[in-house]
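For reference, the structure is listed below as structure tokens.
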Amino acid sequence: MAGAIQKKIRELSDEVEKHNYQYYVLDKPLISDREYDRLFKELQELETANPNDKQPNSPTERVGGAPVDKFKKHTHRVSMLSLNNSYSAEELQEFDARVKRTLHQSPDDVIEYWCELKFDGLSMSLTYEDGVLTSASTRGDGAVGEVVTSNIKTLRSVPLQLRGKNPPKLVEVRGEVILSHADFKKLNAARESAGDELFANPRNAAAGSVRQLDPAITAARPLTAFWYGLGAYEGGERLATQAELVQKIRDWGFRVSDEHALCKGTQAVEKFYTSILNKRERLPFDIDGIVVKVNSLRLQEELGFVARAPRSMLAFKYPARQETSTIEEIIVQVGRTGAITPVAILKPVQVGGVTVTRVTLHNPQEIARKDVRVGDRVIVQRAGDVIPEIVAVVLEARPSSAKPYKFPVECPSCGKKLKQEEGEAVPRCVNPVCDAQVKEAIAHYASKDAMDIDGMGYKIVEYLVDNKLIDTPAALYHLKAAPLLELEGFGEKSVNNLLASVEASKTRTLQRLVFGLGIRHVGETLARVLANRFNGLEALAKASEEELLEVHEVGSEVARSVAEWFAQPRHQKLIKELVKAGVKPQEGPRPVSGKLRGQTIVVTGTLPTLSRSEAHALIEANGGAVGSGVTKKTSFLVVGEDAGSKLDKAKTLNIPVKSEEEFLELIG
Ligand code: IVH
């Protein structure tokens, strides 16, 4: 009887572990979460009722063992060393040359390298004796680490038992515990709502999660790990190359990255480096470079070590995306709509290959939340094309003199009192003739995406405003050559060019002009929508809030903002002056008349002959507007095959539905 229960427990344990492997290592679940939970619970109940029959490495331990007071020490059988770093192709060449020199090979010989990702997490060593996980420990000082076995067992991607027959007598498997970007964000969001301190990056979060005295806390964190190396290895199959070694690790049931390559020579290594760099932003976790390893394990051994790093391996790193720097000053900037944004001025620092000196602090709440102070050391991050941001303050490094930042109450430009309206994140300077706003507004009007006045950058606008030569965009059209000639670096030719660009801007499209006016909430897209729906600037200026609301893409906030803007006498005057100065927007590409004038049409599904963009072009060519979603304002829906929720919505809202044929007939 007892034997039968023991057998059942063993079977259930194996079954649960199989599904852990399928889900967490292979990412190919075979059963639903509910079925998994049921199996797990059944095992738990059987074990509770028959504690003597519980397997020594039961998967039920993955929910976290008993908390400990202190981490025990673990001596690694083979030390966990570090890697030499390189940041350039030249350093890679030097590494390659040194490898050949040490091996007494000719410089013309080609070394085969195994290249893989350099994971940015917490390094870990797992010990398996006769195939059973007996300990997990951190790197520590490389010789002695800390025992975190109960914590690591909560990672369901970590095998409690090696897969396959004939496990080695002893093996140390090495890898990196990480947290994905998505899980990192979720974790920090949860911490923020709980009022807990945020983790600066996924690596710190992973490290903090593993180094928990209570394994239940680790169990609640969605950690995973990638495995790439071996320490001690006794009584196992002989391995000849790094590639074989990695395959072996994979066969034992570990999670191994698929991003690797066997590269003959440094050129191939560089290619791998670049291809991963191009993918870096899209990887779901952080890496800080690639690792280049001589593929032959015999050669690795022959190459040996220098100081604490193997001569056969190299970390070929990517520019760091996080650095620390010091806040020298916090200033506030006045935007073109009067919004006051705080900006941290940093001691210049290289982040991700770019020098960063200024970082936006967004708004007063953000400063308060992060408690950013002048003099603070901060972690600066630049990910991909994203603008640099301050991730966190290094509180341990805070100088005792650093005081909480006091947000100014007056505009730094005109000195008028700032106002902050309810629901707004930033205070504003509401003085319409504030110099800072005037400069921003004119520079925006002249900018590339607006009226595209070549050469009229911020610096020149600033000079012109400071010297009282202009105070509105309309004044640009009355500029004379003489004062411009006094500008440093300006000769007759550049002045003439500048004046010619000013002149040329008079016939830009209405869309550009509307965008250039700098109305709040009106970006390029909305400017296009408005320009297409109103017959000229004056018609738009006269439109009531209700009329604006009738435009499909315009919501109440935008309608109010536009109507209020044009209602201001100052702006009415500006429009008049622009018109008087000869600003006459060229007709946009779309007619404002046509069979579909005033209608908003949505296209959904696959049409029999027209592509989606052809259908859109036809709508626009006939004076209609293309809507993205079905709303009460949709005039009709053109449907093709496989129409989904939009058709349902149109039916619910009683919006007419037309086929492509009917649509083509309508427009003739
Ligand atoms: S091999 C002798 N391979 O980087 C050390 N390390 O900077 C052999 N790391 O301590 C390490 N990804 O924690 C190796 N694919 C990879 C790695 C990797 C990340 C970490 C590891 C190591 C550190 C050295």
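The values are calculated or read from the model by the stated rules, or taken from the named source; none is laboratory data. No experiment lies behind these values; they were computed from the predicted model shown. No Cβ is skipped: glycine too gets one built from the backbone with ideal geometry, and neighbour counts run over all protein chains shown. Side chains are part of the model used for accessible areas, which takes the heavy atoms of the whole protein and leaves out ligands, DNA and RNA. Shrake-Rupley method; radii C 1.70, N 1.55, O 1.52, S 1.80 Å.
As I understand it, the dipole of the chain uses +1 on the Cβ of Lys and Arg and -1 on the Cβ of Asp and Glu, about the Cα centre. Which of VAL158, ALA436, SER275 lies farthest toward its positive end?
Of VAL158, ALA436, SER275, it is ALA436.
How many nm separate the modelled label positions at ARG612 and LYS100, each set 7 Å beyond the Cα in the direction of the Cβ?
Between ARG612 and LYS100, the label points sit 5.2 nm apart.
Need one number: % antiparallel among DSSP beta bridges in the chain, to the nearest 5.
If we restrict to bridges inside the chain, about 85 percent are antiparallel.
One-quarter of the Cα convex hull surface for the stretch 196-329, in nm²?
That works out to 12.9 nm², a quarter of the Cα hull's surface.
What nm value, rounded to one decimal, do you get for the distance between GLU35 and GLU270 when each label is placed 7 Å out toward the C-beta?
So the label points at GLU35 and GLU270 sit 5.2 nm apart.
Not counting ligands, DNA or RNA, and with a 1.4 Å probe, what is LYS419's accessible surface area in Å² rounded to the nearest 10?
That residue has around 120 Å² of solvent-accessible surface.
Given H placed 1.01 Å from N in the peptide plane, which residues other than close sequence neighbours of GLY289 have an amide H under 5 Å from its amide H?
Here the answer is LYS118, TYR318, since their amide H atoms fall under 5 Å of that of GLY289.
Kirkwood Rh and Cα-based Rg: tell me the resulting Rg over Rh for the stretch 469-611, rounded to two decimals.
Ratio of gyration radius to Kirkwood radius for the stretch 469-611: 1.08.
Using just the C-alpha positions of the stretch 321-391 as equal point scatterers, what log10 of I(q)/I(0) does the Debye formula give at each q in 0.14 1/Å?
Here log10 of I(q) over I(0) equals -0.39.
What's the extension gain from LEU26 to GLU462 if we count 0.36 nm per residue and subtract their Cα-Cα distance?
Additional length available on full extension: 151.0 nm.
For LEU314, what charge total do you get from the other residues with a beta carbon under 11 Å from its beta carbon, if Lys and Arg give +1 and Asp and Glu give -1?
Here the charged neighbours net out to +2.
So which cysteines in the chain don't have a second cysteine's C-beta under 4.7 Å from them?
CYS115, CYS263, each lacking another Cys Cβ under 4.7 Å.
Could you compute how much accessible surface CYS115 exposes when probed at 1.4 Å, giving the result in Å² to the nearest 10?
0
Consider just the alpha-carbon atoms of the stretch 159-228 and return their Rg together with their Dmax, both in angstrom.
Cα only, the stretch 159-228: 15.2, 50 Å (Rg, Dmax).
What FRET efficiency do you get for GLU410 and ASP109 if R0 is 51 Å and r is their Cβ-Cβ distance, rounded to the nearest 0.05?
After rounding, the FRET efficiency stands at 0.10.
Tell me, what % of the accessible area of the chain is carbon and sulfur with a 1.4 angstrom probe?
Roughly 50 percent, rounded to a whole number.
With a cut-off of at most 14 other beta carbons within 10 Å, and DSSP calling the residue loop, which trypsin sites (Lys or Arg not before Pro) in the stretch 550-634 qualify? Please list them.
For trypsin sites (Lys or Arg not before Pro) across the stretch 550-634 that sit outside H, G, I, E and B with at most 14 neighbouring Cβ atoms in 10 Å, the list reads LYS595, ARG597, LYS632.
Only Lys, Arg, Asp and Glu count, each charged at its Cβ (+1, +1, -1, -1), so figure out the dipole size of the stretch 430-498 about its Cα centre, rounded to 20 debye.
That gives a dipole near 120 debye.
In the stretch 551-668, if every C-alpha pair distance is counted and binned at 10 Å from zero, what percent goes to each bin?
13, 34, 28, 15, 10, 0
Would you mind working out the magnitude of the charge dipole of the stretch 217-336 relative to its Cα centre, with +1 at each Lys and Arg C-beta and -1 at each Asp and Glu C-beta, to the nearest 20 Debye?
240
Suppose R0 equals 45 Å. What FRET efficiency, 1/(1 + (r/R0)^6) with r the Cβ-Cβ distance, do PHE305 and LYS403 give to the nearest 0.05?
Between PHE305 and LYS403 the formula returns 0.35.
In the stretch 198-246, which GluC sites (Glu not before Pro) fall in coil by DSSP and have 12 or fewer other Cβ atoms within 10 Å?
GLU237
Across the Cα atoms of the chain, what radius of gyration and what greatest pairwise Cα-Cα distance (Dmax) are found, in Å?
Cα-based Rg and Dmax for the chain come out at 33.0, 106 Å.
When Lys and Arg each count +1 and Asp and Glu each count -1, what net charge do the other residues less than 15 Å away from THR631, Cβ to Cβ, add up to?
So the surrounding residues net to +2.
What FRET efficiency comes out for GLU546 versus GLU641 if R0 is 45 angstrom and r is the Cβ-Cβ distance? Round to the nearest 0.05.
0.75
Using a 7 Å offset from Cα along Cα-Cβ at SER628, what residues in the stretch 503-540 end up with backbone N under 18 Å from the label point?
Zone members listed by number: 521-533.
Taking every Cα atom in the stretch 285-438, find the radius of gyration and the maximum pairwise distance Dmax, and write them in Å.
Reported Rg and Dmax, both Å: 22.3, 76.
With the crude spin-label approximation of a point 7 Å out along Cα→Cβ, what separation in nm comes out for LYS417 versus SER88?
Going by the 7 Å Cα→Cβ label model, 5.8 nm.
Considering amide H positions built from the backbone, and no H for Pro or chain starts, which residues 5 or more places from VAL603, or on another chain, come under 5 Å of its amide H?
Long-range HN contacts for VAL603: GLY627, VAL638.
Using just the C-alpha positions of the stretch 380-420 as equal point scatterers, what log10 of I(q)/I(0) does the Debye formula give at each q in 0.14, 0.22, 0.23, 0.30 1/Å?
Cα-only, vacuum Debye calculation for the stretch 380-420: -0.65, -0.83, -0.83, -0.97.
What percent of all Cα-Cα pairs in the stretch 99-140 falls in each 10 Å bin, counting up from 0?
20, 23, 25, 25, 6
Can you list the equivalent-ellipsoid semi-axes of the stretch 30-128, largest first and in whole Å, using the square root of 5 times each Cα gyration tensor eigenvalue?
49, 19, 14
So for the stretch 133-198, what are the equivalent ellipsoid semi-axes in whole Å, largest first, each being the square root of 5 times an eigenvalue of the Cα gyration tensor?
With the √(5λ) rule applied to the stretch 133-198, the semi-axes are 31, 16, 10 Å.
For the stretch 233-288, what is Rg from Cα atoms divided by 2.2 N^0.38 Å, rounded to two decimals?
Expressed relative to 2.2 N^0.38 Å, the Cα Rg reads 1.40.
Please report, in cubic angstrom per residue, the volume enclosed by the convex hull of the alpha-carbon atoms of the stretch 391-549.
195
In debye, nearest 20: dipole of the chain around its Cα centre with unit charges on the Cβ of K, R (+) and D, E (-)?
680
Can you work out the base-10 log of I(q)/I(0) for the stretch 3-48 at q = 0.22, 0.25 1/Å, using the Debye formula on its C-alpha atoms alone?
Those come out to -0.72, -0.86, one per q.
Could you state the accessible area per residue of the chain in Å², with a 1.4 Å probe and every protein chain left in place?
51
I'd like the distance between the alpha-carbon centres of the stretch 434-494 and the stretch 609-668, rounded to an integer number of Å.
What the calculation gives is 45 Å, centre to centre.
Which loop-located GluC sites (Glu not before Pro) does the stretch 469-512 contain, where loop means any DSSP state but H, G, I, E or B and the Cβ has at most 14 other Cβ atoms within 10 Å?
Those satisfying the criteria are GLU486, GLU488.
Over every pair of different alpha-carbon atoms in the stretch 387-466, take the mean of 1/r and invert it; report that Kirkwood radius in Å.
Computed over Cα pairs of the stretch 387-466, the Kirkwood hydrodynamic radius comes out at 15.9 Å.
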